Amino acid sequence: MAIKTHLWEFHVKELGATLGEFGGWEVPMLYTSSMEEHNIVRTSVGIFDVSHMGRIKLTGPDVVPLFQKIYTKDISKTKEYWMSGPTMALNEYARVKDDEMPYKVSDEEWYVVANAPYREKMLKHFDETIKKYGFKVKVEDITFKTAMIAVQGPKVEEVFEKIGAGWANDLHTLEFRVNEEIAGQKVFLISRSGWTGEDGFEIWAEPKAMVEIYRALLKAGAKPVGIISRDTLRIEMGYVLGGHEYEEDPTKFPPALCIRYGLGAITWSKRGFIGEEALRACRREGCRWIRVGIRMTKKHARAILRQGYPVYVEDQVVGWITSGTYSPYLKRAVGQAYIDSRYAIFGEYVEVEIRGKRYKGKIFDFPLVPGRPVVK
Amino acid sequence: MSTIEFEAKGKKYLVRTDVKYTKTDEWAKKENGKVREGITDYAQKELKDIVGIELPEVGQEVKKGEAIGTLESVKSTADLYAAVSGKVVEVNERLLDEPELLNKDPYGEGWIVVIEMSDPKEFDELLTPEQYIEKCKKEAH
């Protein structure tokens, strides 16, 4: 039985959402049309309920040493009231357990947002690592105490002005504040961040307060947007999703380096993190597979790519599709793929086999949409 | 075109009263020995945004219940099945560039294919609107 998102009643009774399951949660898939909702985020402002994501509080003197073991990034450089930027937690094969973002309040108080399907696994991973090294860290899962929304789109500053929260517009990308007030409601945390490539904020608040904040945002012109658009937006940006671009199984997924995560997710000068040896071995030996973007040609604009479809150059299978969709913004079928690194040449054409037929696409770097992400 | 509205899973769906239905959510309308076929309002709402379609070829011989096309929605791929056996005499090529018509007007401009029936009895075996509503409601449980 799927867990209902904190705002479930509000979505169903007031917003008329169509619900579906993601990562063990029942979440809004869409409200009207996911294609329209996608364009709202690219041109105006959309509101996502992302309460299903794991919110974990970590406190104690050894949070930094713990994070230095868990993540590929040097977390010690993160400043107070800033997010570290995205990073990855690896297993010993340098395959990704989860891609996450730590938030630093102080050296001894941190928050982590985990992907919904991996929340429990990561809680266990934290606990086991704490025990193994004797770290003094307290882990608390606050996922059920708070709801979380992401307000995303180029007009987000106007919307925040309108709801009397213009002060939030001073936040830089990845900066956050705690214990603020928006629309007369207590906000536990607000950060300038998102997962769409657009400007925006993410807000954590108690579920009741969140409904009121949501209402104020609607009144100011923001529109509800479902998780389907969240997926199509992230595919355009080249952001990864567990189960598609990464997973722990080394027989099915390449090492973390092949993801070409970027955004400073790996700090090579850092030593001693879990999965480091396998990751360095991959770096030294080279990546067999490289993650790239694919844009189908105009003629094959409606050839929709799906996970697992083989990619060809001439008669050679050179890779596979990991995610695909139709981009309403580019008016093309687009996707992400792992391509044999010898064939991963931006601007070159490949063919994707769909139900026995070949369709032409071009290898692109990310993001597939121009001029993004927007950094404030 | 007259329609009935029914509710399942808390959502409202339309059925056309002057056509018959398959168990796989296609509608079929008799037109002078030929059958015009499309997908139902229930099907398009289940699939959500349809962004691509593969059509059968004109002249192709098809059997009732056979997969004759593919519908691509944002999240999934679904087959289109022939409502009756016969020869494909017309396909709605507009859908290749505007698959959203399947969402906007599934019973009208979103029609998919016209089949010249080889066995007119097959049409009579299709579900009535009432039977189709029952099927959808059962599925929703």
A:Asp365-A:Thr251 pseudo-label distance in nm [points 7 Å out on the Cα-to-Cβ vector]: 3.7 nm
Quick check: Cα centre of segment A:312-354 to Cα centre of segment A:285-311, how many Å? 2 Å
Here P(r) for segment B:20-126, Cα-Cα distances in 10 Å bins, as whole percents, is 17, 54, 27, 3
Using every pair of alpha-carbon atoms in segment A:55-141, split the distances into 10 Å bins beginning at 0 and state the percent of pairs per bin, rounded to integers. 18, 59, 22, 0
So what's the gap between the Cα centers of segment A:74-108 and segment A:144-218, to the nearest angstrom? 22 Å
Most mobile of A:Glu100, A:Glu21, A:Glu276 in a GNM of chain A (Cα contacts under 10 Å): A:Glu21
Per the Kirkwood formula over distinct C-alpha pairs, the hydrodynamic radius of the protein assembly as shown in angstrom is 24.8 Å
The summed charge of the A:Val313 Cβ neighbourhood (under 14 Å; Lys/Arg +1, Asp/Glu -1) stands at -2
Going through B:Lys12/B:Lys137; B:Lys34/B:Lys63; A:Lys69/A:Lys376; A:Lys13/B:Lys11; A:Lys77/A:Lys104; B:Lys48/B:Lys137 one by one, the pairs whose alpha carbons sit over 21 Å apart turn out to be A:Lys69/A:Lys376
For segment A:142-262, what does the alpha-carbon gyration tensor say about shape, rounded, prolate or oblate, given a ≥ b ≥ c as the root eigenvalues, a/c under 1.5 as rounded, and a/b over b/c as prolate? prolate
Just to be sure I understand: with springs between alpha-carbon atoms less than 10 Å apart, which residue in B:Lys34, B:Lys23, B:Lys12 has the highest mean-square fluctuation in the Gaussian network model of chain B? B:Lys12
Can you tell me the FRET efficiency between A:Glu120 and A:Glu206 if r is taken as the Cβ-Cβ distance and R0 is 22 Å, rounded to the nearest 0.05? 0.45
Please report Rg over Rh for segment A:232-376, where both radii come from the alpha carbon positions and Rh follows the Kirkwood definition. 0.98
Kindly give Rg over Rh for segment A:299-376, based on alpha-carbon atoms, with the Kirkwood expression for the hydrodynamic radius. 0.98
Amide proton proximity set for B:Ser73, modelled H, under 5 Å, gap of 5+: B:Val51, B:Ala78
Quarter of Cα convex hull surface for segment B:65-141, i.e. mean projection, nm²: 6.2 nm²
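Read the figures in this text as sums done on the coordinates, not as results from a lab. Worth saying up front: this structure is predicted, and the values here are computed from it rather than measured. With ideal geometry, Cβ positions are generated from the backbone for all residues, glycine too; neighbour counts draw on all protein chains shown.
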